[in-house]
Structure formats: structure tokens, C-alpha cells
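The values are calculated or read from the model by the stated rules, or taken from the named source; none is laboratory data. As the structure is a prediction and not an experimental result, all values here were calculated from the model. Cβ coordinates were reconstructed from backbone atoms using ideal geometry, including for glycine residues, and neighbour counts include every protein chain displayed. With ligands, DNA and RNA removed, areas are computed over all heavy atoms of the protein, side chains included. Shrake-Rupley method; radii C 1.70, N 1.55, O 1.52, S 1.80 Å.
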Amino acid sequence: MNKDFIRNDEINSIFDNIKEMVISSRNKVYTTVNTEMIHLYWNIGKIIMEIQKGDERASYGDEVLEKLSKKLTNEFGRGFSKRNLERMRKLYIFFPIATTLSSQLSWSHYLELLKVEEKVKRDFYMKECIESRWSVRELQRQKNSLLYERLTLSTNKKEVLRLSREGKILGDVKDFIKDPFVLEFLDIKENTNYLENDLEKNILNHLKEFLLELGKGFSFIGNQVRITIGEDHFYPDLVFYNRLLKCLVIMDLKIGKVMPQDIGQMQLYVHYYDREIKQSDENPTIGILLSTDKNKTVVKYTLPEDNRTIFSSEYKFHMPTEEELISVVEEEKKNFKLNE
């Protein structure tokens with residue numbers, strides 16, 4: 001027997017170790033290059049602002065950028081257009097302290113953040129990008145779906161400032177439940193005929209995007225997961241688990257207005273999961289009724305006042321405008337006063 005013979009599993013083990021080293025090294029190289037590039041652009045922006053004596057709108061600013069762009073492009077090639085130099089200048093203006101720049105974000109992330117003029121809003125998106133590891137595409141989507149506006153239109157100034165510093169802190173069950181949900185990625189036109197079954201299938205076909213819209217900590221368990229109670233079978237539309245809440249989350253989809261029987265059915269699901277499925281170290285199951293009309297007043301009087309497990313939210317198939325969101329918030333305030 002040849003003692004020098006190496007088994008395939010040993011080769012595979014060596015390969016796996018080398019592969020891990022290569023990937024780790026490449027990631028470190030990318031992070032280093034990315035960090036150096038962003039700090040280079042920041043320093044170029046700083047120099048430009050020093051030339052303009054801190055005045056972004058200095059009358060000679062365009063001339064400075066034109067001349068610098070030509071010379072830098074001739075020397076180093078593409079990447080130093082006048083437009084890019086303007087972005088570098090803006091990077092310095094928006095992030096005047098270099099240590100506030102994050103190596104976890106790419107230049108493409110910063111290009112998106114530079115489009116956000118309001119500092120508290122920009123700080124919020126930057127924090128969420130880092131905490132939730134958003135891709136550039138996801139950052140674009142969250143901005144376009146007005147996530148910040150959805151979270152802050154009904155909050156006070158102190159809460160808005162906290163959001164900008166710390167991102168969205170999920171301290172309560174209600175913090176996890178968005179309202180409205182924006183499902184533009186399903187590509188379903190408003191006011192068209194479709195069935196709840198069609199909606200469910202479409203969500204499953206776009207599960208990754210739906211999980212991102214759900215928010216932090218959600219993982220998919222299954223759809224139409226059968227519940228058997230006595231001789232009767234029931235089929236909740238979607239079942240998830242949230243690792244941050246440490247609980248199961250059941251979601252039922254509805255076209256039209258939520259009615260008392262929908263709430264009763266969700267209560268059945270939640271109670272069953274709490275008594276038969278939930279582990280002893282997990283928190284109570286949450287139920288979400290997702291509909292085109294959450295029928296808030298009926299939900300309020302159907303559920304107990306101390307309800308913390310069943311929620312009703314609406315969904316939209318288009319990116320809402322800020323005017324639409326303001327209208328929703330004003331309607332919420334009016335309903336609240338009427339029911340006081």
C-alpha cells in the first residue's frame with residue numbers, strides 16, 4: 001500500500017480550507033480598496049471645497065471643476081468627469097468628518113445617499129444600510145417606497161432624531177408591523193381583477209422581495225400549512241418565523257375589507273399555534289391580516305383592548321407618494337379622535 005496516497009476526503013478538506021482563505025482574502029482586499037477609494041474621493045472633495053473657500057456655489061466653481069476634470073482625466077482616465085467631481089465635493093459637504101464614513105458601504109451606496117438632501121433622513125438610511133446590510137438596489141427601493149416617511153409622519157421630532165442616529169429600533173411587536181406594505185414588485189395593476197390565490201402565488205414567486213418588505217428577522221416557513229382541529233382542516237396563507245421577536249408569524253391575505261369573521265379565524269390560528277406548535281422558550285404567535293382595507297374600527301372593537309398579537313395592515317401595489325402617506329396619517333388621527 002502506498003503510504004503517500006492522499007484520500008479524496010483529505011483533498012476536499014484542503015480545498016475547502018484554501019477556498020475559505022481565498023474568499024476571506026478577496027473580501028479583505030475589496031474592503032481595503034473600497035475604503036481607500038471612498039477616502040480618496042472625500043479628500044478630493046475637501047480640496048475642491050478649500051479652493052472654493054467653503055462655498056459650493058462660488059461663481060468660479062464650474063470653471064475649477066471643468067479644468068480639474070480635463071487634467072485628471074488626461075492623467076488617470078475615466079472616473080474624474082465634472083459630474084463625478086461634483087459628487088466628491090458633495091460627499092465632503094454631507095460627511096465633513098471623515099470618520100463618519102463607513103467601510104461597509106460602497107461608493108454606489110454613497111451615490112444613493114448623496115441624493116438625500118435632508119440630513120436626518122440621510123443618516124437614517126445610512127444606519128439602516130449598515131445594520132440591515134442593504135444592497136444598493138434595496139437602498140433604492142426603500143427610498144422609493146418612502147420607508148422613512150412611513151415611519152416618521154406620525155412621530156414627534158424627538159423620535160425622528162432618534163431614528164436618524166440609531167435606525168429603526170425594534171423594541172415592541174408593533175414596531176415590526178408595517179402599514180402600509182408596498183408590494184410594487186408583484187407588478188399587479190391597481191383596480192384589476194385578481195384572486196387571493198393569485199396574490200399568494202405571486203408573493204411566493206417574489207419571496208425574497210417580500211421578506212425584505214416584511215423587515216428584519218423574518219424567515220419563511222411555508223404556505224397553506226394545514227391545521228387540523230377535530231375533523232376540520234384550516235390553511236393559513238403564509239407562515240413565518242421572526243428570530244428577533246422569537247415567535248411564529250401567521251399572515252392571511254385578503255382582497256377587500258377585513259371583517260369580524262376574518263379576525264375570528266386569525267384568532268383561531270394564533271391560539272392553535274400557541275398551544276400546539278410554539279416552543280416553551282418562544283414568545284406568543286403573531287397574526288397579520290394583510291388586506292386592501294384594514295377596517296381599523298371593526299378590528300379595534302373585535303379584538304380586546306390589550307391586544308398585542310393580531311394586527312391588520314393594508315397593502316399597495318404602487319410606490320406611495322408623500323401626499324398619499326400624509327393623507328393616511330391624517331385619516332388615522334381623525335379616526336383616533338372620533339373613537340376617543
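Report the extension gain between Glu63 and Ile97 in nm, rounded to one decimal, defined as 0.36 nm multiplied by the number of residues separating them, less their alpha carbon distance.
9.6 nm
Can you give the FRET efficiency to the nearest 0.05 for His318 and Arg133, using r as the Cβ-Cβ distance and R₀ = 30 Å? Walk me through the numbers on the way to the answer.
Details: r = 27 Å, r/R0 = 0.89.
E between His318 and Arg133, to the nearest 0.05, is 0.65.
Compare Ile130, Ile288, Ile97 by solvent-accessible area with a 1.4 Å probe and give them largest first, with all protein chains kept in place. It would help to have the intermediate numbers written out before the result.
Numbers: Ile130 40, Ile288 0, Ile97 100 Å².
Listed by decreasing accessible area, they come as Ile97, Ile130, Ile288.
Name the residues whose placed amide hydrogens come within less than 5 Å of the amide hydrogen of Phe181, ignoring near sequence neighbours (fewer than 5 apart) on the same chain.
Here the answer is Glu314, Tyr315, Lys316, since their amide H atoms fall under 5 Å of that of Phe181.
Karplus couplings for region 98-111 from phi (6.51 cos²θ - 1.76 cosθ + 1.60, θ = phi - 60°), rounded to Hz, Gly and Pro as x?
For region 98-111, the Karplus curve yields 4, 5, 7, 6, 10, 6, 7, 10, 7, 4, 5, 4, 5, 4 Hz.
Using a 1.4 angstrom probe and counting only protein chains, how large is the accessible area of Asp9 in Å², to 10?
Number for this one is 90 Å².
State whether region 1-152 is rounded, prolate or oblate according to the following rule on the C-alpha gyration tensor (a ≥ b ≥ c being the square roots of its eigenvalues): a/c under 1.5 gives rounded; otherwise a/b larger than b/c gives prolate, and the remaining case gives oblate. Intermediate values should be presented prior to the final figure.
Numbers: a/c = 3.55, a/b = 1.77, b/c = 2.00.
Since a/c reaches 1.5 but b/c is at least a/b, the shape of region 1-152 is classed as oblate.
Against the globular-protein guess of 2.2 N^0.38 Å, express the Cα radius of gyration of region 203-328 as a ratio, rounded to two decimals. Provide the component values of the computation, followed by the final result.
Numbers: Rg = 15.1 Å, N = 126, 2.2 N^0.38 = 13.8 Å.
That works out to 1.09 for region 203-328.
For Asp293, which sequence-distant residues (separation of 5 or more, or a different chain) have an amide H within less than 5 Å of its own amide H, given hydrogens modelled in the peptide plane?
Excluding prolines and chain starts, which carry no amide H, the hits are Gly256, Val258.
With every protein chain present, what accessible area does Asp123 have (1.4 Å probe, heavy atoms only), rounded to the nearest 10 Å²?
Around 40 Å² of this residue is reachable by solvent.
For a quick check of your reading of the filter: which chymotrypsin sites (Phe, Trp or Tyr not before Pro) in region 9-102 sit in a DSSP loop and have no more than 12 other Cβ atoms within 10 Å?
Qualifying residues, ordered by number: Tyr60.
Give me the dipole magnitude in Debye, nearest 20, for region 116-156 about the Cα centre, with unit charges on the beta carbon: positive for Lys and Arg, negative for Asp and Glu. Walk me through the numbers on the way to the answer.
On the way: 9 positive and 7 negative charges, 24 e Å.
Charge dipole, region 116-156, about its Cα centre: 120 debye, nearest 20.
Which ³J(HN,Hα) values in Hz, rounded to whole numbers, follow from the phi angles of region 231-241 under the Karplus curve 6.51 cos²θ - 1.76 cosθ + 1.60, where θ = phi - 60° and Gly and Pro get x?
Ordered by residue, 3J(HN,Hα) equals 9, 9, 10, 10, 9, x, 4, 9, 10, 10, 10 Hz.
Please work out the FRET efficiency for the pair Ile188 and Gln279, using the Cβ-Cβ distance as r and a Förster radius of 30 Å; give the result to the nearest 0.05.
0.25
Sorting Glu282, Glu63 by accessible area (1.4 Å probe), largest first, what list results?
Heavy-atom accessible area, descending, gives Glu63, Glu282.
Arrange the residues Ser132, Ser280 by how much accessible surface each exposes, largest first, with a 1.4 angstrom probe. Please report the intermediate quantities before stating the final value.
On the way: Ser132 40, Ser280 120 Å².
Listed by decreasing accessible area, they come as Ser280, Ser132.
Sequence-distant or interchain residues sharing an amide H contact under 5 Å with Ile288, placed H: which?
Ile250, Met251, Asp252, Phe311
Express in Å², to the nearest 10, the accessible area of His233 obtained by rolling a 1.4 Å probe over the protein heavy atoms while all chains stay in place.
Surface open to solvent at His233 totals about 90 Å².
Give, in nm to one decimal, the length gained when the segment between Val120 and Leu211 is fully stretched (0.36 nm per residue of separation minus the Cα-Cα distance).
Taking Val120 through Leu211 to full extension adds about 30.2 nm, to one decimal.
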